[in-house]
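Taking it in order: structure first as structure tokens, then the write-up.
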Amino acid sequence: MFGPLVAGSFPQTRLRRNRRDSWSRRLVAENVLTTADLIWPVFVTEGSGQHVPVPSMPGVVRYSLDTLVEAVGEARDLDIPAVALFPSVAAELKTPDAREAVNPDNLVCRAVRALKKAYPDLGVVCDVALDPFNSDGHDGLVVDDYVVNDESVDVLCRQALVQAQAGCDVIAPSDMMDGRIKAIRKTLDDAGLIHVQIMSYAAKYASAFYGPFRDALGSNVALKGGNKKTYQMDPANSDEALREVAMDLQEGADMVMVKPGMPYLDIVRRVRETFAVPTFAYQVSGEYAMLKAAINNGWLDNDKVMMESLMAFKRAGADGVLTYFAVEAAKLLKRG
């Protein structure tokens with residue numbers, strides 16, 4: 001509670017005085033958004049010279065390796081510190097055992113090597129989950145219509161290892177299997193990869209906001225077993241998110257993430273205040289798509305709502321944001 005001496009009273013105190021001029025608004029701003037707060041999620045596909053639009057995500061494309069390097073170069077020149085890779089895998093490579101996920105020459109690993117060769121000082125984040133490679137569409141292995149935990153973790157460890165060996169800087173498990181952070185950390189350490197970081201999708205909800213992402217990945221198949229609610233979190237739960245984060249930190253996570261973003265800003269705030277660790281949020285495909293749809297209909301101003309939505313994450317306590325707006329936002333920030 002604010003005491004009367006702290007809060008002041010009208011007319012001696014006029015809060016609008018600090019809002020009157022641009023310079024004073026900047027001077028008293030409580031939060032600042034910079035390019036260092038942005039991670040750009042990018043989709044990669046096979047072929048060459050490819051810029052394949054994602055219809056449900058206006059302005060977002062799938063890049064082949066050659067165009068990926070070019071596009072990421074622009075992001076790097078804008079001082080975006082890291083990109084996160086997501087593969088659109090050919091249908092014939094998807095199997096129930098997701099074996100392509102552990103292929104050291106798969107699309108993700110080749111993309112990592114290409115980016116690290118071109119830009120050694122750029123951070124590369126790799127998603128660890130089986131859904132891009134799994135013909136059943138799930139983040140783990142399906143046995144008798146149920147996503148099994150421990151068997152999935154074994155494959156996830158092997159997936160993380162090939163990505164790290166390719167040069168990935170940050171392993172980002174998004175699968176929500178129990179115990180996977182501890183197992184992945186041990187796998188990396190046993191291989192001498194002690195400097196590879198883990199950004200855990202610690203509080204990932206079974207959300208309806210992921211639809212356009214699944215279109216982009218080509219993982220929007222009829223899920224075997226129906227849905228992902230047996231491993232992703234119930235949107236009704238908040239305390240459970242703190243348990244998930246606590247366990248992942250105990251198991252060796254260097255950073256944690258909340259996903260989706262804006263519908264879960266309360267979770268971002270609780271995580272940041274409870275643990276005081278590097279905390280990230282993912283402004284997911286559905287959030288991006290609904291804003292872009294309103295923008296393209298002329299109902300919202302692109303630059304203003306983009307920056308306001310990103311500032312909301314900073315205000316909630318996020319250290320950074322994975323967002324498809326990253327390049328657009330960085331250009332605006334650079335212009336001042």
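A few comments on the model shown:
- If you go through segment 132-159 and keep only what is closer than 17 Å to residue 232 by Cα, in a loop (DSSP other than H, G, I, E, B) and open to solvent by less than 10 Å² (accessible area, probe 1.4 Å), you end up with 132, 137, 138, 139, 140.
- Residue that is farthest from residue 85 (Cα to Cα) [pool: residues in segment 115-131 that are crowded, with 19+ Cβ neighbours inside 10 Å and either at pLDDT 95 or above or of a type in the set (S, T, N, Q) (or both)]: 130
- The set of residues in segment 89-102 that are surrounded by fewer than 16 Cβ atoms within 10 Å (Cβ to Cβ) and part of a loop (DSSP other than H, G, I, E, B) comprises 90, 96.
- The residues of segment 248-285 that are aromatic (Phe, Trp, Tyr) and either open to solvent by 40 Å² or more (accessible area, probe 1.4 Å) or touching a Phe, Trp or Tyr at 6+ places or on another chain (Cβ under 7 Å) (or both), listed by number, are 264, 275.
- Residue in segment 45-52 that is open to solvent by less than 40 Å² (accessible area, probe 1.4 Å) and either among the aliphatic types (A, V, I, L, M) or in a helix (DSSP H, G or I) (or both) present: no
- Residues (of a type in the set (A, V, I, L, M), over 13 Å from the mean Cα position of the chain (by Cα) and more than 19 Å from residue 215 (Cα to Cα)) located in segment 263-299: 265, 267, 268, 271, 276, 277, 294, 295
- Residue satisfying condition, being in contact with a Gly (Cβ under 7 Å, 6 or more places away or on another chain) and surrounded by fewer than 17 Cβ atoms within 10 Å (Cβ to Cβ), within set 77, 21, 66: 66
- Checking each residue in segment 296-311 for being free of Cβ contacts under 8 Å to residues at least 60 places away in the same chain and surrounded by fewer than 19 Cβ atoms within 10 Å (Cβ to Cβ) picks out 297, 298, 299, 300, 301, 302, 303, 304, 305, 308.
- A Cβ distance below 9 Å, combined with a sequence gap of six or more or placement on separate chains, defines the contacts here; from segment 230-247, residues that are in a loop (DSSP other than H, G, I, E, B) reach residues that are open to solvent by 30 Å² or more (accessible area, probe 1.4 Å) in the pairs 230/146; 231/149; 231/178; 234/240; 235/208; 235/263; 238/266; 238/270.
The values are calculated or read from the model by the stated rules, or taken from the named source; none is laboratory data. Predicted model, so just to flag it, every value in this text is computed and none were measured. Ideal geometry is used to build each Cβ from the backbone, glycine not excepted, and the neighbour counts take in all protein chains shown. The area values use the complete protein model at the heavy-atom level, side chains included, leaving out ligands, DNA and RNA. Shrake-Rupley method; radii C 1.70, N 1.55, O 1.52, S 1.80 Å.
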